[in-house]
């Protein structure tokens with residue numbers, strides 16, 4: 001959705017600016033209600049209200065309530081005025097935000113502010129009328145005629161329906177406003193029993209009895225009235241009792257205000273706040289409320305939650321357009337609703353291309369496997385849009401038999417983690433919730449979330465590990481790694497650190513810091529510094545610039561730096577890592593490759609890219625004769641390509657010996673170094 005243009009946007013096709021909207025708003029309101037302001041002043045006031053609503057869209061939606069309250073203060077009241085205001089502001093908010101949920105909240109807050117102010121205005125008006133009537137009654141002995149004239153003026157011209165009701169409940173007099181509210185030409189000879197819905201009549205009559213006997217000075221109720229056609233509608237009813245000169249109850253003064261339009265609007269806004277605007281399905285808020293209700297109820301056969309995410313939905317929106325994507329989402333909503341039509345279930349759209357289904361299991365509810373197959377079958381059926389046959393698949397996380405008493409937020413978090421685990425297995429996969437894996441992943445995510453703070457507080461260190469010749473006589477280089485000494489989780493190794501940093505996007509700044517810190521330590525020594533790059537670092541467009549800057553700042557010669565690239569990144573056809581490698585190699589930096597698996601393509605890359613060292617994974621057991629032959633040939637191929645082979649890791653002397661027999665050159669691990677050092681290790 002496009003941004004609403006500013007006032008000074010001079011393009012002919014621009015949407016109206018705020019000045020124009022304020023002018024249009026003023027015209028619409030002037031047609032529906034009397035406003036005691038000049039046209040220019042009213043336009044200026046409404047322009048300020050547009051600014052208030054725009055600020056609410058950009059910030060806190062609740063601040064839009066001030067706009068609704070201000071409308072009432074300016075006497076822009078009445079159903080027609082409110083309707084025109086809501087229609088205009090809905091279009092305005094739609095230009096200001098693409099979030100339908102927030103738009104509904106802002107319009108809802110504005111209407112709520114209007115409703116509160118209107119009710120306060122009505123009550124104030126009613127109180128004013130009531131006080132005027134009471135004063136007229138008390139002053140009747142002094143000036144009955146003047147009092148009657150004042151009362152008659154209020155009675156005749158008030159927009160609030162007013163009736164003089166006898167103590168027996170019969171209407172003695174009613175003003176035109178009350179007749180209009182009741183859609184009747186005349187209410188003579190009618191009683192309250194004729195006008196108030198039977199279910200609400202006892203409540204009103206009991207309250208009037210309290211007035212008559214002096215137990216209450218005024219009452220306020222919200223009964224339903226019956227109009228001429230027999231339709232029921234809710235009103236705000238207030239009443240006082242008028243007494244004679246002897247202070248005896250004479251009759252009731254009943255004031256009625258019809259706020260059915262506001263009630264209807266409130267109901268509509270509540271519906272919008274609980275449903276997705278595109279598909280009409282319940283949204284996350286509604287699903288959460290329903291989930292909480294079920295978790296605290298006794299469901300005999302339990303509750304199951306299906307959490308779905310459409311696979312490669314961006315392919316549809318990027319390839320065929322957002323409009324087709326929206327139509328696909330509506331189709332998915334329809335098909336999921338059809339799958340669960342025979343079940344007691346709620347199908348909801350969470351956000352984007354994510355859906356959820358909450359099922360109250362019954363004795364005949366299909367098992368999870370059958371349900372999954374049905375969903376996959378329904379979604380896989382192509383549908384044609386403009387000649388294009390489109391079908392989708394979904395990854396699904398399933399939480400069967402939810403535990404009663406659980407918290408909805410925790411259940412949805414668990415379903416989200418279950419869904420992500422299923423997606424890691426590929427497209428169109430599904431998986432059941434695993435509490436053990438869930439707890440393990442939650443702990444890992446918790447660590448990843450606090451990692452930036454730990455880095456800033458100095459809890460993460462750069463440590464150095466020697467890469468040794470397998471004969472143990474010399475060092476090939478010294479490798480820089482990360483160690484995080486966590487106060488609860490203990491020592492977190494380099495592999496876990498980089499995995500978490502890669503997951504959260506922290507790896508780019510953290511990687512530059514590692515390189516700089518390690519280069520500063522290495523600059524005072526004559527050995528080669530090795531730093532292994534992650535996928536994001538290897539593909540970073542800033543890698544070459546950062547390396548140049550670090551070498552210049554620390555004085556470390558380029559020929560004493562070895563950067564290890566992930567092998568799978570170099571092999572990717574769309575990778576920027578190969579370009580980075582060429583530029584770094586031209587600078588004289590040594591290039592290594594890690595995660596080397598020995599495929600023909602990888603061996604060719606080692607030769608064509610001039611890679612100096614490849615890193616292979618260690619083995620816990622000595623290979624048999626056939627595997628040994630394969631490994632020996634692989635190592636020989638690397639040597640012929642001009643590289644050396646580094647084993648990660650070598651755990652003991654036995655492993656070191658048979659890797660030596662196979663022809664490997666160097667290694668890291670406990671057999672060479674038990675504990676990495678936070679400073680450059682001394683040469684043996």
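A few notes on this one:
- Between the range 46-104 and the range 355-373, the C-alpha centres lie 43 angstrom from each other.
- For the chain, the longest principal axis of the Cα atoms and the long axis of helix 653-662 meet at an angle of about 70 degrees.
- Over the range 459-668, Cα pairs under 8 Å with separation of 6+ residues give a relative contact order of 17 percent.
- Label-point separation in nm, residue 351 to residue 41, each point 7 Å along Cα→Cβ: 4.5 nm
- Remark: the residue 545-residue 48 segment gains 174.0 nm on full extension, using 0.36 nm per residue and subtracting the alpha carbon distance.
- Mean Cα-pair separation over length for the range 407-555, i.e. relative contact order, pairs under 8 Å, 6 or more apart, %: 17 percent
- At R0 = 60 Å, FRET efficiency that the Cβ-Cβ distance of residue 173 and residue 427 yields, to 0.05: 0.20
- Taking the longest Cα principal axis of the chain as reference, the axis of helix 507-522 is set at about 40 degrees.
- Share of alpha-carbon pairs per 10 Å distance bin for the range 280-433, given as whole %: 11, 42, 35, 11, 2
- Pairwise label distance in nanometres, residue 599 with residue 209, each label 7 Å out on the Cα-Cβ vector: 8.9 nm
- The C-alpha atoms of the chain define a longest principal axis, and helix 140-157 lies at about 50 degrees to it.
- Over the chain, relative contact order from alpha-carbon pairs under 8 Å, at least 6 apart, %: 7 percent
- Taking 4 °C and 1.567 mPa s as conditions, the range 158-263 diffuses translationally at an estimated 94 µm²/s according to Stokes-Einstein applied to its Kirkwood radius (Cα pairs).
- Cα-based convex hull, the range 18-122, per residue volume (Å³, whole number): 79 Å³
- The stretch between residue 247 and residue 630, if pulled fully straight at 0.36 nm per residue, gains 126.5 nm over its current Cα-Cα span.
- A straight line joining the Cα centroids of the range 227-260 and the range 323-338 runs 52 Å.
- Full extension of the chain segment joining residue 679 with residue 582 gains 31.8 nm, where the gain is 0.36 nm per residue of separation less the Cα-Cα distance.
- With a Förster radius of 35 Å applied to the beta-carbon distance between residue 330 and residue 55, the computed FRET efficiency rounds to 0.60.
- Residues within the reach of a label modelled at residue 517 (point 7 angstrom out along Cα to beta-carbon, backbone nitrogen below 14 Å), restricted to the range 479-499, are 480-486, 492-495, 497-498.
- Among beta bridges that DSSP assigns inside the chain, antiparallel share in %, nearest 5: 70 percent
- Note on residue 370 and residue 660: with the Förster distance fixed at 60 Å, the Cβ-Cβ geometry gives a FRET efficiency of about 0.55.
- Peptides 443-456, 654-667, 234-247 ranked from most to least packed, by the mean per-residue count of other Cβ atoms within 10 Å: 654-667, 234-247, 443-456.
- Options [x] 39.8, 154; [y] 26.5, 79; [z] 38.2, 124 - which one matches Rg and Dmax of the Cα atoms in Å as calculated here: [z]
- Summarising the label geometry, the points placed 7 Å from Cα in the beta-carbon direction at residue 486 and residue 410 lie 2.0 nm from one another.
- Mean-position separation - Cα centroids, the range 578-620 and the range 491-526, in angstrom: 20 Å
- Burial ordering of 160, 289, fewest other beta-carbon atoms within 10 Å first: 289, 160
- The chain - mean residue ellipticity at 222 nm from DSSP helices (-39,500 (n - 2.57) per run, n ≥ 4, rounded to 500): -16000 deg cm²/dmol
Values in this text are rule-based calculations from the coordinates and carry no lab data. Since the structure is predicted, the reported quantities are computational estimates derived from the model, not experimental observations. Cβ atoms come from the backbone with ideal geometry, glycine included; neighbour counts cover every protein chain shown.
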